[in-house]
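Engineer: Sending over a structure as structure tokens; questions will come in a sec.
The values are calculated or read from the model by the stated rules, or taken from the named source; none is laboratory data. From a predicted model like this one, the values you see are computed outputs, not experimental measurements. Quick reminder, even Gly has a Cβ in these numbers, built from the backbone with ideal geometry, and neighbours come from all protein chains shown. Just so you know, the surface numbers come from the protein's heavy atoms only, side chains and all, with ligands and any DNA or RNA stripped out. Shrake-Rupley method; radii C 1.70, N 1.55, O 1.52, S 1.80 Å.
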Amino acid sequence: MSQKMTVQLSSIAAPAHWGDKAILSFTSEAAVIHCIESDVYSLIQRAARKLNSQGLTAVELDGTDWDLESIWSFIQGFRDSKNSDDVSWVALSENDEKELNARILTTNWTRQIINKTAEEVAPRQLATMAAEFIKSVAPEGTVTTKIVKDKDLLTQGWTGIYAVGRGSERTSAMLQLDYNPTGDENAPVFACLVGKGITFDSGGYSIKPSAGMASMKADMGGSALVTAGLAMSILRGLDKRVKLILCCAENMISGRALKLGDIITYKNGKTVEILNTDAEGRLVLADGLQFASEQKPELIIDCATLTGAAKMAVGNDFHSLLSFDEALSQKALNAAQEENEGLWRLPLMEFHRAMLPSNFADLANIGSGPYSPGASTAAGFLSYFVEDYQKGWIHMDCSATYRTAPSDKWAAGATGVGVRTLANILTK
């Protein structure tokens, strides 16, 4: 006999003694989820979270009502941050089983690497782990990698990554990964994925308060997201050449650390005055976006846990989308809707690019003036490092990557939200 609790679905309301509009009831044989709301998948995820929070760690989904999306909703809610959850399910079609396992593999990798401590995931380790994960899911011979590290970053002109990480004892790194399933070394690059990989963010000399610093092991969430998004797209059959660029550093305080008033000169000649060392993510992404632009791709997507302003705007359930490209923005929003993931567009206009004045450089690394729209000016900053910023580039400010506290749908920690959206954009 199975040691797991059986969980079933029902379209009938729970018996009255379980409470008005109860979404869970129990029989001697099973827990029953009562699908009595229009948003069934959200209800199933909430019910799964309730079961996990009651101490259950192993369940078996039983009955003919379970399908791919309902099983996936349950798995997302039942997960916990200690990886102690165990779910088995009814047989699915071969294609649905393959898709479900791809979702579990890629989002579990994302969640686990984000939830690891900064001691376990230093910049070079992040680059290496990401490269090994992509190799593990890609057909043999389709992946080549290069990790540029330490002072080699300066030699090759990646001054932003080096500057942000120079205050740490841990070496900074840029991962340059090439997934090329075409067999043609001269094949054009379809897309470049750029990820912010700040493995710990103290804020530098613009130091964060302790409460704000506690979750900063997750400031490499953008790198985790783009890596898993590429992995998911490969598992879905991606047949185009894509490059993955991770910009990895640790933002710490020391006698060598970046200081307010310092000026970084980038490879494209742009000079940037540092007015806040806690606005470091854009400084490393600038290098990644320049490298991406050099590849002449059709599409550039960067992902980053970049601004508190975006999180204030959309909360913890959505990623923010900022782009000058209307058609591409709509494609991304449609992709998120198809995958049942949260993505919301925030404004990005030409005037946002002008809201970064500096007395000593071409631009500052933060916006100025009252009510400065932090998410928009951050994207405006990044646009200076994209060769054709008006076409083929989208920036995702990834507010839904990590939760500092549990909710009625999610455990505390990383979520994996956005992996499927990226895969959809790349493969459809």
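Engineer: Would you mind stating whether residue 194 is touching a residue at least 60 places away in the same chain (Cβ under 8 Å) and either in contact with a Pro (Cβ under 9 Å, 6 or more places away or on another chain) or hydroxyl-bearing (Ser, Thr, Tyr) (or both)?
Structural biologist: The answer is no for residue 194.
Engineer: Condition check: farther than 20 Å from residue 381 by Cα, touching a helix residue (DSSP H, G or I) at 6+ places or on another chain (Cβ under 9 Å) and open to solvent by 10 Å² or more (accessible area, probe 1.4 Å). Does residue 181 satisfy that?
Structural biologist: Against the criterion (farther than 20 Å from residue 381 by Cα, touching a helix residue (DSSP H, G or I) at 6+ places or on another chain (Cβ under 9 Å) and open to solvent by 10 Å² or more (accessible area, probe 1.4 Å)), residue 181 qualifies.
Engineer: Which residues, counting only those in the range 259-281, are out of contact with any strand residue (DSSP E or B) (no Cβ under 8 Å at 6 or more places or on another chain) and either in contact (Cβ under 8 Å) with a residue 40 or more places away in the chain or in a helix (DSSP H, G or I) (or both)?
Structural biologist: Passing the criteria: 259, 260, 267, 268, 276, 279.
Engineer: Run down 347, 370 and say which single residue is open to solvent by 70 Å² or more (accessible area, probe 1.4 Å), closer than 25 Å to residue 293 by Cβ and not charged (D, E, K, R).
Structural biologist: 347
Engineer: Which helices (runs of 4 or more DSSP H) sit wholly inside the range 321-428 and have at least 3 residues that are small (Gly, Ala, Ser) and in contact with a Ser or Thr (Cβ under 6 Å, 6 or more places away or on another chain)?
Structural biologist: 326-338, 374-383
Engineer: Do we find that residue 384 is at pLDDT 95 or above, within 15 Å of the chain's Cα centre (by Cα) and open to solvent by 20 Å² or more (accessible area, probe 1.4 Å) in this structure?
Structural biologist: no
Engineer: Collect the residues in the range 40-64 that are within 26 Å of the chain's Cα centre (by Cα), hydrophobic (A, V, I, L, M, F, W, C) and open to solvent by 20 Å² or more (accessible area, probe 1.4 Å), keeping them in residue-number order.
Structural biologist: Correct list: 40 only.
Engineer: Of all helices (runs of 4 or more DSSP H) completely enclosed by the range 68-164, which ones contain at least 3 residues that are of a type in the set (Phe, Trp, Tyr) and open to solvent by less than 10 Å² (accessible area, probe 1.4 Å)?
Structural biologist: 68-78
Engineer: Between residues in the range 43-55 that are closer than 13 Å to residue 25 by Cβ and residues that are charged (D, E, K, R) and surrounded by fewer than 23 Cβ atoms within 10 Å (Cβ to Cβ), which pairs lie under 9 Å by C-beta distance while being six or more apart or on different chains?
Structural biologist: 50/408
Engineer: Next question, about the same structure. Does any residue of the range 1-18 turn out to be at pLDDT 95 or above and either within 27 Å of residue 401 (Cβ to Cβ) or touching a helix residue (DSSP H, G or I) at 6+ places or on another chain (Cβ under 6 Å) (or both)?
Structural biologist: No, the range 1-18 contains no residue that is at pLDDT 95 or above and either within 27 Å of residue 401 (Cβ to Cβ) or touching a helix residue (DSSP H, G or I) at 6+ places or on another chain (Cβ under 6 Å) (or both).
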